[in-house]
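What follows is a short report on a single structure.
Nothing in this text is a laboratory measurement; each read-out follows from the coordinates by a stated rule. Bear in mind that the values here come from a model prediction, so they are computed numbers and not experimental data. Glycine also receives a Cβ, built like all others from the backbone with ideal geometry; neighbour counts cover every protein chain displayed.
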Amino acid sequence: MLDQQATVNNSVAGQEKRAAGNEEAVQVDDIIAKHQADRGGLITILEKIQARYGYLPAKALRAVSEETGRSLVDIYRVATFYRAFSLKPRGKHLCSVCLGTACHVRGAPRVEQEFEKQLQVKPGQTTPDKEFTLETVNCLGACALGPVVVADGRYFSGVNTLRVKQIIEAARTGLDKTDIRTDPRVFPLTVSCPRCNQTLMDSTYPIEGSPSIRVAMTLNGKQGWLRLSALYGSDSFASNHRIPLDTVVRFFCPHCHSEMNGRTWCPDCSAPMVTMIVRGGGILQLCSRRGCKGHMLDMC
């Protein structure tokens with residue numbers, strides 16, 4: 001009887017495992033079908049798979065190879081080239097410590113060591129409870145603000161060892177719960193067109209209490225206007241057209257009408273980055289895809 005019961009239990013467990021595997025395969029197939037025709041489709045597919053599973057499972061990469069006709073070697077080349085991708089499971093929260101030259105000379109190694117001490121892991125490792133993954137990077141594009149740490153996509157500038165525990169606790173609580181009125185990571189910028197250098201600021205249309213950034217746009221062949229929040233760290237905007245999530249928008253200067261979508265690509269989703277000049281010196285780059293959090297600020 002015990003042997004019979006064990007056989008039944010093993011059979012049920014096998015059925016559940018196969019069902020879960022089929023469900024996973026269906027989800028990967030849906031992602032591939034939806035984004036295969038996109039520009040930069042492979043990167044978008046990998047980004048969506050990682051968003052679903054927290055990393056890129058080998059089974060999913062084989063499915064991408066079979067469905068897209070790309071070689072598995074090429075897919076692994078892309079997956080290992082971009083630091084945004086991971087071939088092994090990551091924690092719920094990702095903490096990236098910049099060890100680039102500007103951050104290094106301002107004490108970034110001590111900050112990284114404090115993260116190791118607080119989390120009890122080395123760079124590239126994940127805590128046993130799967131809550132945190134720690135990594136180091138060579139540059140986060142905000143050299144003048146170093147030492148810089150990015151936790152769950154949020155930039156922290158001028159970080160010292162005393163702030164490490166605060167950053168970890170903030171990530172654990174939820175960094176999406178941001179109050180722009182009191183959060184020191186959110187600050188206003190004044191920007192201009194990189195081609196004609198005329199200001200893009202519009203004081204007649206404030207967003208979140210500050211003048212907005214005014215640009216023209218095209219979306220699926222339709223022309224329109226777009227106002228962006230000038231608060232760095234905020235993704236609020238207004239437009240005369242509905243912009244669906246995952247849509248890539250083409251940005252144009254309202255003065256010289258030159259296209260602002262640059263020649264660099266978002267490391268998170270592969271969409272073109274939009275370049276603006278920061279008053280006082282510096283460059284701001286924003287991802288042109290609705291919903292992507294990709295942004296870089298270089299004020300060196």
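Please give the FRET efficiency for Gln113 paired with Thr264, using the beta carbon to beta carbon distance and R0 = 35 Å, rounded to the nearest 0.05.
0.60
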Length gained if Lys122 through Thr218 is fully extended, taking 0.36 nm per residue and subtracting the Cα-Cα distance, is 30.0 nm
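Once Rh is set to the Kirkwood radius over Cα pairs, what Stokes-Einstein translational diffusion coefficient, in µm²/s, holds for the stretch 93-173 at a temperature of 4 °C and a viscosity of 1.567 mPa s?
Working: Rh = 12.2 Å.
Translational D for this selection: 107 µm²/s.
Could you work out how much longer the chain between Asp74 and Asn197 gets when fully extended? Use 0.36 nm per residue separation minus the Cα distance between them, nm to one decimal.
Computed gain between Asp74 and Asn197 is 40.2 nm.
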Once normalised by the length of the stretch 93-173, the mean sequence separation of its alpha carbon contacts under 8 Å that are 6 or more apart gives a contact order in percent of 39 percent
Taking θ = phi - 60°, what integer Hz values does the Karplus form 6.51 cos²θ - 1.76 cosθ + 1.60 yield along the stretch 259-269, in sequence order, with x for Gly and Pro? 6, 9, 5, x, 9, 9, 10, 4, x, 8, 10
For the pair His255 and Ala144, the simple spin-label estimate (label points 7 Å beyond Cα toward Cβ) gives in nm 1.9 nm
